[in-house]
Amino acid sequence: MRRAGQDAALGAFDALKDATLGDFPDLKPHLFMIAGALSCMGWVTSSTPAGLISDSLNAIPTYGCAVAAEGARGLGLVEALKALLKALRDYCQARTAPAPRNTHPLAPSAAALCSEARRPRAAARRPTGRAGRGAGAPSARAGVEAGRARRRAARRRQRRGQRRPRG
């Protein structure tokens, strides 16, 4: 996550890059390559500094090919910049710990979440009889008997030609 100071510094650097570009158009690939590499200097504020530096390292060939095509001096600049970023990436990998996944002390671990998904839900297991129910809760048998009584009453009404009373 970037901070306001970092955004301001990058904005000032972009303004300087654009102003300088008008004076030296033949140095455009050099300037853009170095500007891309300097963006990784914000690794101090990044949660994954090695990843940020690797991204900058992978962006060097975009303008590095044009710089290297100019001769031995350009090729030396590209190689030196790559070596610098590789050394910085190795330093970050060796000195920084990986970012923790669950930083909240009450957050469940991934293993706990997976075991929860495999465990059958309590609502799916229905108790038989009155076991596990509150004192006033009807048993499963009472529900079956109530259904039978409703069906018997409906048959009696049908024999008499009556409709079920509404209300």
task = Test ALA59 against the stated conditions and say whether it is closer than 26 Å to ALA94 by Cβ and loosely packed, with under 12 Cβ neighbours inside 10 Å.
result = no
ask   = Out of the residues in region 10-27 that are among the charged types (D, E, K, R) and without any contact (Cβ under 8 Å) to a residue 12 or more places away in the chain, which is farthest from ARG89 (Cα to Cα)?
value = ASP23
task = Identify, by number, the condition in (1) more than 37 Å from the chain's Cα centre (by Cα); (2) at negative phi; (3) at pLDDT 55 or above that ALA87 doesn't meet.
result = (1)
task = Identify, by number, the condition in (1) more than 30 Å from ALA35 (Cβ to Cβ); (2) at pLDDT 55 or above; (3) in a helix (DSSP H, G or I) that ASN102 doesn't meet.
result = (3)
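The values are calculated or read from the model by the stated rules, or taken from the named source; none is laboratory data. In this text the structure is predicted, and so the values were computed from the model without any measurement. Please note: Cβ atoms are built from the backbone with ideal geometry, for glycine as well, and neighbour counts cover all protein chains shown.
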